[in-house]
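Before any comments, here is the structure.
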Amino acid sequence: MISLYRILLRISVTRGRLLAFLAGGALLDLIAYAVRVSDYANRETDVYQLLDLAALALYVPVVALVFSTSSLGDLAQDGTLVYVWLRPVARWKVVLVALASTLTVVLPLTLGPVWLAIALAGASWQAFWAITASTTMAACAYTAVFTAFGLRVRHALIFGLGYVLIWETGVASLGKGPAALSIRHYAESLLAHLGNQTVPGAIEADLWPAVIVLAAVTLAGAALTTILLSRQDVA
Amino acid sequence: MIEIRNVAKWYGGVVALSGLTATIGRGLSSLLGPNGAGKSSLIRILCGLTPPSQGSVRVMGKDPRTSREIRKDIGLVPQQERLPPGVNALEFVAMAASLQGLPDPEGAARKAIETVELDPNDRRHLSSYSKGMRQRVKIAQAIVHGPRVLILDEPLNGLDPRQRSRMAQLFIRLGGEDRCVLVSSHVLEEVQELSSTVLVLAEGKLAAEGDFHAIRQLLDDRPHRIRLRSTDPLRLASGLMGSGTVSAVQTAGDNAIVIDTWTVSPFRRRLPRLTQELGVRLLEVAPLDDDLESVFRYLVARRSP
């Protein structure tokens, strides 16, 4: 399975993608630094708002989307899934390897810029731990959901971007109902509770329900991917 | 080893396979048919990559769609050329060996790559390989675990004549090792070189099956239409009608006649002698319906009730 992990990793990590997301992360860090120099008194609150709006609502889901849809999804689209599918390996193991290889890229690419943002903004250690936990759990949930999405939907990247921009960053902020169906909502709740801060504009859930929902979404996404892979019509 | 029972496959309103029943045993067999005949659909069903819309398939007694066990015994060379980007041949074939659960994936991969006459130490990415080299890498990943059922979808495509001959020899050798090897092709000459057992597929139906020579005979014993251009077409037409080797003759202009014959071999033998006897010089002999498409259409029509 290590060889499959390595090959999946190599397929999804391209120079273009890495450069694009490093640039996106750098922009996040630049804004974090601007927060520090512009509004020293409220910087902790401002940092939380920045991490919620820029990282959890946009940067983390987009990074997860790009790398998740390209792991098994790209194999299915270009006809190379057959080389994995036709092997006597349990489908859940293949899915686990795909998720692991995606998270190997997604976690450093998301955690790196948010850690740097915390440092540049001069925020507290509590903010550091809060954003680490919420980013990690959100990245896992998004990765699991988007891997299934990539396997099932053609042009998953385009539809996924639509979902992130319209639902996660837009509709989910409008009220408790849509927020309950948004991964971002639970991730920002986690950020707020662990950081012991009010995130401006956030509709908060309780701590443990947020943790449980994010974990459940991750498991459900992985299970759904396994089912889809088993029923896949392989070209 | 492979049992196909009343298999049909349709995609929306398009019927790819219809009422196919056949048994494929040990040894090397060929699946012959023109492009679009349903060969790749059948191969995908045999490997479990897609379920049949109707009917059933058993490979060594198991359903290839649901049995994980059977996937240990199947090797497939798919038709599509694309291979994973950013990896070399050894990594790709070693991945196949590893997923098959072999104890020494790299060793097995090296052996398989050498079997298809490539260099396992070649570190170039597969994307830089020629079409023929990629085809051989696909064969290597299919044979790396020594499958008992080896299915190859147009495996000789893209190979030069020398490579074709070497790979054909490899398939013949593998077919002789107590395993079932099924090779698909749309080229009659390829099949002739490969195997004695042939399944002919056309328009999604089994058009003929059996020994290659019997199939060849069947192809020869159909009505043939041939255009003959000569220095004296009327004299030739008269002579041919009297020879008893043609069933109909019609003039076609430009010093040409078109003849129909059911006995093409005797006709071919008789024609040179007849033209000599008649003092007619032949300028052109052109079969009008000898392309594979029309041959397969004839076979399908012949089997249809």
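The figures follow:
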item	result
Given (1) away from chain A (no Cβ under 11 Å); (2) open to solvent by 10 Å² or more (accessible area, probe 1.4 Å); (3) in contact with a Gly (Cβ under 8 Å, 6 or more places away or on another chain), index of the condition residue B:67 fails	(1)
Helices (runs of 4 or more DSSP H) wholly inside the range A:172-230 containing at least 2 residues that are closer than 20 Å to residue A:140 by Cβ and open to solvent by 20 Å² or more (accessible area, probe 1.4 Å)	A:183-195, A:207-230
Selection within the range B:107-134 - surrounded by 23 or more Cβ atoms within 10 Å (Cβ to Cβ) and out of contact with any Lys or Arg (no Cβ under 9 Å at 6 or more places or on another chain)	B:109, B:112
Index of the failed condition, residue A:104 passing every other in (1) over 19 Å from residue A:7 (Cβ atoms); (2) open to solvent by 10 Å² or more (accessible area, probe 1.4 Å)	(1)
Number of positions in the range B:71-88 that are outside any loop (DSSP other than H, G, I, E, B), within 8 Å of chain A (Cβ to nearest Cβ) and not charged (D, E, K, R)	2
Single residue of A:119, A:139, A:127 found to be part of a helix (DSSP H, G or I) and surrounded by fewer than 16 Cβ atoms within 10 Å (Cβ to Cβ)	A:119
Test: residue in the range B:135-157 that is in a helix (DSSP H, G or I), more than 13 Å from every other protein chain (Cβ to nearest Cβ) and over 28 Å from residue B:201 (Cα atoms)	no
Candidate set: the range B:202-241, residues that are of a type in the set (S, T, N, Q) and surrounded by fewer than 17 Cβ atoms within 10 Å (Cβ to Cβ); chosen: the one nearest to the chain's Cα centre (by Cα)	B:217
Those residues of the range A:9-33 which are at the interface with another protein chain (Cβ under 9 Å from one of its Cβ atoms) and either crowded, with 16+ Cβ neighbours inside 10 Å or in a helix (DSSP H, G or I) (or both), in sequence order	A:10, A:11, A:13
Leading residue by the ranking (farthest from the other protein chains (Cβ to nearest Cβ)) among those in the range A:61-105 that are over 22 Å from the mean Cα position of the chain (by Cα), charged (D, E, K, R) and part of a helix (DSSP H, G or I)	A:91
Qualifying residue in the range B:50-60 (condition: at the interface with chain A (Cβ under 7 Å from one of its Cβ atoms), open to solvent by 10 Å² or more (accessible area, probe 1.4 Å) and either out of contact with any Asp or Glu (no Cβ under 6 Å at 6 or more places or on another chain) or in a loop (DSSP other than H, G, I, E, B) (or both))	no
Test: residue in the range A:148-169 that is buried (at least 16 other Cβ atoms within 10 Å of the Cβ) and within 30 Å of residue B:140 (Cβ to Cβ)	yes
Any hit, the range A:191-210, residues being within 14 Å of chain B (Cβ to nearest Cβ) and at negative phi	no
Flag for residue A:56 being among the aliphatic types (A, V, I, L, M), under 17 Å from residue A:116 (Cβ atoms), open to solvent by 20 Å² or more (accessible area, probe 1.4 Å) and modelled with pLDDT of 80 or more	no
Failed condition for residue B:34, given (1) open to solvent by less than 30 Å² (accessible area, probe 1.4 Å); (2) part of a loop (DSSP other than H, G, I, E, B); (3) facing chain A (nearest Cβ under 9 Å); (4) not charged (D, E, K, R)	(3)
Count of residues meeting criterion [surrounded by 19 or more Cβ atoms within 10 Å (Cβ to Cβ) and without any contact (Cβ under 8 Å) to a residue 60 or more places away in the chain] in the range A:76-101	3
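The values are calculated or read from the model by the stated rules, or taken from the named source; none is laboratory data. Small disclaimer: the values here were computed from a predicted structure and weren't measured. Ideal geometry is used to build each Cβ from the backbone, glycine not excepted, and the neighbour counts take in all protein chains shown. Please note that ligands, DNA and RNA were not included when accessible areas were found on the heavy atoms of the full protein model with its side chains. Shrake-Rupley method; radii C 1.70, N 1.55, O 1.52, S 1.80 Å.
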